Structures are given as C-alpha cells and as structure tokens.
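A.B. asks: Pasting a structure below so you can have a look.
The values are calculated or read from the model by the stated rules, or taken from the named source; none is laboratory data. As the structure is a prediction and not an experimental result, all values here were calculated from the model. Neighbour counts run over all protein chains shown; Cβ positions are idealised from the backbone, glycine included.
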Amino acid sequence: MRRADAAALARDYARCAEVTRRASSNFYYAFMLLPREKRRALYAVYAFCRFIDDIADDESVANPSAMLARWREELGNVYSGLPKRPISRALADNVRRFNIPRRHFEEVIDGVEMDLTRRRYETFAELERYCHHVASAVGLICIEIFGYREPSTRLYAEKLGLAFQLTNILRDVREDAARERIYLPLEDLRRFGVSEADILASVRTPEFRALMAFEAARARSLYREAEEALSEADRPAMLAAEGMRVIYSAILDEIVRSDYRVFERRLSLSSARKLALVARVWSRARLGGGANWARWRSKQRTSS
C-alpha cells in the first residue's frame, strides 16, 4: 500500500474509533481487550452499524428509506472493493481480511428498515426476529473478527445478541415510547395487565414492574444460554465478547435493582465501572485460562 493510501486509511480508522468512543458505547471498552488489528476492524463495524441505526431515529433525515437504500448500495461497494465513504473504506479493508459474510450486514440494514415501518410486536417470536437482525447479526459479524473454531460459537453470538437487545429494550422503554414505539411484546402486556397507554404515558404500575421482571428473567436466561453455548476452546478468542456480556449483564442488574424505574432516567454504568468490569474479565482469563489463554495470546502477538 502506498504511503498516501495508508495515511488516508489510518484517518478512516481514526474516524471509526471516534464514532465508537463518542457514542460512549459499551463496545468501546470491551474492544480494548483486542489486539490493534482486530480492535480497528471492530471500530469500523461499529461505526457502520451506528450510522445505519441512527437513520431510523434521526428526525432530521427527510427520507430514511432512501438513505438506507444508499447505504445498501454502499455495502455493495464495500464488497466490490470500491467504497466511497471513510467508514466504508475502513470496513472494506476488513471484510476480505476476516472473510465476513455480506448477508450479516444486509440483515442489520433489514432490521433498521423494520424500525421505519413497525412500532409494535405481537409476540416474542416476532420480536426475536427483529433482535436477530439488529443485534445477533452484529454478533455473527464480530465472531468472524474474533476468530473461532466451534460451530456452537455461532449460537453463543446469536443468544448474546438477543440478550443485549432485550436489555436495551428494558432500559430504553421511555425513549422508545417517546417515538411511539413499544418493543415489549403485546402478548406479554396483556398477560400482566399493562396497557399501551400506560407505557406511552410513562406510568409505572405494579403490573408494569411484574412485566419488566418477567422480561428481565427472560434476558438472564438468554445470557445463561449464551454462556452454555461457548466452548472452552473458543473462550479465549471471545474475550471482548465476554467483556460486553459482563457490562450488559451489569446494566440489567441495575434495571432490576432500581425496581424498574426506567421512566425516571436512563440507567447506565459509569466509564470507571465499565473499565473495572472489563479488567476483571481480562484478569480472570489471564489467571484461569491456562494453556488455552497462552496459546491465544501467542496467536494474537503473531497476527498483530
């Protein structure tokens, strides 16, 4: 690569890192556990997904459908090796290097398109399909960059993505309601006697707390299923994913600990807390990973 091209690509990567950092993303802290090459690749993935996701929520976008269509076209440019945007150029540098299937990015765009046309989900099965597109598909992209050997790791990514998105849904009930969206399954609202009007008006009733407790238990079950699907052989490679898991699990704990006061404020973790959680994951892997951890570290040093 020519020096000028390398410098331009470095600027593209820097922009992706800044997008991730500026979003105060939980992913930003977990990505710190990765070697430079993989960390930069994940910043590019996050920045692409962030731009796509924001299209559905940015009221200044006059024609979000048309903008998504342009990004879908740009994704084609990424895979043909002719990207036009800074984020796309950084992404194109990695889709070939890590052999990331295009269909996963297409699924992310499909999920955001669902947000343009749908504001309610009747059943959890319907919601699960949406969560696959906007979250699990991202996880399936990430594990290609992390590297894995066992097929069960794909199930790990699927379940973890569902757990992350359900945690986001529980945390963001108020923000979603402000956009006239209710992601909690309507069948569950009826089961617990919660009306759509109460959610849209931010009314925290005993019935609402019972509904939220039910969904929190469902999220915790998904976290357990993800853990059970992760093989010991692939655990060292999933260090960053495990960092994200402990951060999102801690957010879920905060939601439960607050007695589901999600209408009052957006519950989150401080940067210091996120760093401490990620450091704990790293320490446990280093001290308890044994031979697998040593082999993984050796492989990372070779590939960096």
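A.B. asks: Across segment 199-218, what is the number of residues that are of a type in the set (D, E, K, R) and within 14 Å of Arg261 (Cα to Cα)?
C.D. replies: Initial filter on segment 199-218 (of a type in the set (D, E, K, R)): 204, 207, 209, 215, 218.
Filter once more, so that each one left must be within 14 Å of Arg261 (Cα to Cα): 204, 207, 209.
Of the residues in that region, 3 qualify.
A.B. asks: Turning to a different aspect of this structure: Suppose we filter segment 178-195 for residues that are in a helix (DSSP H, G or I) and either without any contact (Cβ under 8 Å) to a residue 40 or more places away in the chain or not assigned by TED's automatic domain parsing to the domain that holds Tyr248 (or both); how many remain? Can you show your working first?
C.D. replies: First, pick out the residues of segment 178-195 that are in a helix (DSSP H, G or I): 178, 186-192.
Adding the requirement that they be either without any contact (Cβ under 8 Å) to a residue 40 or more places away in the chain or not assigned by TED's automatic domain parsing to the domain that holds Tyr248 (or both) leaves 178, 189-192.
Qualifying residue count, segment 178-195: 5.
A.B. asks: Need the failing condition index for Pro206 against (1) surrounded by fewer than 14 Cβ atoms within 10 Å (Cβ to Cβ); (2) touching a residue at least 60 places away in the same chain (Cβ under 8 Å), just the number.
C.D. replies: (2)
A.B. asks: If you check Ser152 against the conditions, is it over 22 Å from Arg266 (Cα atoms), out of contact with any strand residue (DSSP E or B) (no Cβ under 9 Å at 6 or more places or on another chain) and not charged (D, E, K, R)? Before you say what the answer is, go through the steps one by one.
C.D. replies: Numbers: over 22 Å from Arg266 (Cα atoms): yes; out of contact with any strand residue (DSSP E or B) (no Cβ under 9 Å at 6 or more places or on another chain): yes; not charged (D, E, K, R): yes.
Yes: the conditions hold for Ser152.
A.B. asks: Now for a separate question. Among the residues that make up segment 99-120, is at least one of them without any contact (Cβ under 8 Å) to a residue 24 or more places away in the chain, more than 22 Å from Asp58 (Cα to Cα) and over 19 Å from the mean Cα position of the chain (by Cα)?
C.D. replies: From segment 99-120, those without any contact (Cβ under 8 Å) to a residue 24 or more places away in the chain are 103, 110, 114, 117-118; that's our starting set.
Narrowing the set further to residues that are more than 22 Å from Asp58 (Cα to Cα) leaves 103.
The next check asks that each one be over 19 Å from the mean Cα position of the chain (by Cα); those that pass are none.
The answer is no, given that none of the residues of segment 99-120 is without any contact (Cβ under 8 Å) to a residue 24 or more places away in the chain, more than 22 Å from Asp58 (Cα to Cα) and over 19 Å from the mean Cα position of the chain (by Cα).
A.B. asks: Based on this model, can you work out whether Ser65 counts as of a type in the set (Gly, Ala, Ser) and either in a helix (DSSP H, G or I) or closer than 19 Å to His133 by Cβ (or both)?
C.D. replies: On the way: of a type in the set (Gly, Ala, Ser): yes; either in a helix (DSSP H, G or I) or closer than 19 Å to His133 by Cβ (or both): yes.
So Ser65 fits the description; yes.
A.B. asks: Of these, Arg50, Arg21, Arg40, which one is over 12 Å from Pro86 (Cα atoms), outside the structural domain of Pro236 (by TED's automatic domain parsing) and in contact (Cβ under 8 Å) with a residue 40 or more places away in the chain?
C.D. replies: Of Arg50, Arg21, Arg40, the one residue that is over 12 Å from Pro86 (Cα atoms), outside the structural domain of Pro236 (by TED's automatic domain parsing) and in contact (Cβ under 8 Å) with a residue 40 or more places away in the chain is Arg40.
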